[in-house]
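See below for the structure under consideration.
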Amino acid sequence: MIEGFWQAFAAITALAVFFLYLCLHFWRGVDETKRNYQEDVRSMRAKIESTRYVPLMGRLHKNINDAASQSENQPIEEILSRPDFMESIRSISMVLKDIDDINSSYHNMIASCTGCWKGFLGLSFLILSTNFFLFFDNLIPNFEAIVGLFVYTILLHIVFNIIRPFRKYTKSKGLFLQKIEEVLLEIKPKGV
C-alpha cells in the first residue's frame, strides 16, 4: 500500500460521495423540471391551438367548401394547390412548427438534465474505483502510468458526460423559454 493510503482513500471516497450528491441533485432536477414546465407545455399547446390553429383550419375549411361549390368537378388536391390556398397552408404549417418546437425543446431539456445526473453517477463510480488501484499499487507494474490513464479517462468522462449535457440543458432551456415568449407575443390580443 502507498504511504498515506487511508488519507487518500478517505479523500477519494469523500469526492465520490460529493459527486453522488450532485447526481442526486440533478436527478431531483429532472422531476422538478418536468413538474415546472410540463404544465407550461400543455397550456402553450392549448393556447396555440385555440387562438391560431383552430381559426386557421376553420377558415381553410370554409374556403375549400366555397371553392368546391363553385367548381364541383375539381378534386380537393387541385383546389388546395391553388396559390390563394398556399398562404393558409403555410400559416398552418408554421403553427404546427411552433407546437413541435415547444415540444422538442422541452424533451431536449429533460433528456439533457437526465444526461447530467447519469454523468455524475458514472463519475462517482469512476472516482470510487480509484480506491481499487490504491489497494494493489505494489502489484501493478507501471502503476503511475495506469493511474495517469485512469485520471485521463475521468477527465474525458467529465467533458463528454457532464459538461456537454449541462451545456445542452442550458441551451435547450433557453430555447424553450424563448419559444414560449415568442408564442405569447404572437397570441397576445392586439392593443394589449
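The values are calculated or read from the model by the stated rules, or taken from the named source; none is laboratory data. Here the structure is a predicted model, which is why all the values come from computation and not from measurement. Cβ: placed from backbone, ideal geometry, glycine included. Neighbour counts: every protein chain shown. These area figures cover heavy atoms from the full protein model, side chains too; ligands, DNA and RNA do not enter into them. Shrake-Rupley method; radii C 1.70, N 1.55, O 1.52, S 1.80 Å.
Here's the list of lysines a cross-link from K97 could span, going by alpha-carbon distance under 20 Å and ignoring same-chain residues fewer than 8 apart: K47, K171, K173, K179, K188. Once you reduce the stretch 124-192 and the stretch 6-30 to the center of their Cα atoms, the two points are 14 Å from each other. In a reduced charge model with +1 at each Lys and Arg Cβ and -1 at each Asp and Glu Cβ, the chain shows a dipole moment near 400 debye about its Cα centre. Summarise the accessible area of the stretch 147-192 (1.4 Å probe, protein heavy atoms) by the percent that is carbon and sulfur. On the stretch 147-192, the fraction of accessible area on carbon and sulfur atoms equals 68 percent.
Electrostatic bookkeeping for S93 treats Lys and Arg as +1 and Asp and Glu as -1; over the other residues with beta carbon under 14 Å from its beta carbon, the sum is -1.
For the listed peptides 29-37, 79-87, 15-23, a ranking on the average number of other beta carbons within 10 Å per residue, highest first, reads 15-23, 29-37, 79-87.
These residues, T13, T170, go from largest to smallest accessible area, 1.4 Å probe, as T170, T13. Surface exposure of the chain, expressed per residue as accessible area with a 1.4 Å probe, stands at 65 Å².
Annotation: the chain has a Kirkwood hydrodynamic radius of 21.3 angstrom, from the mean reciprocal C-alpha pair distance.
Solvent-accessible area of the stretch 1-134 (1.4 angstrom probe, protein heavy atoms only): carbon and sulfur portion equals 61 percent. F125 contributes about 120 Å² of solvent-accessible surface, heavy atoms of the protein only, 1.4 Å probe.
For the chain, the residue among I92, Q74, L123 whose Cα projects farthest onto the positive side of the dipole built from Cβ charges is I92. Near S71, once Lys and Arg are set to +1 and Asp and Glu to -1 for all other residues with Cβ below 15 Å from its Cβ, the sum equals -4. When Rg and the Kirkwood Rh are both derived from Cα coordinates, the Rg/Rh ratio for the stretch 1-76 amounts to 1.64.
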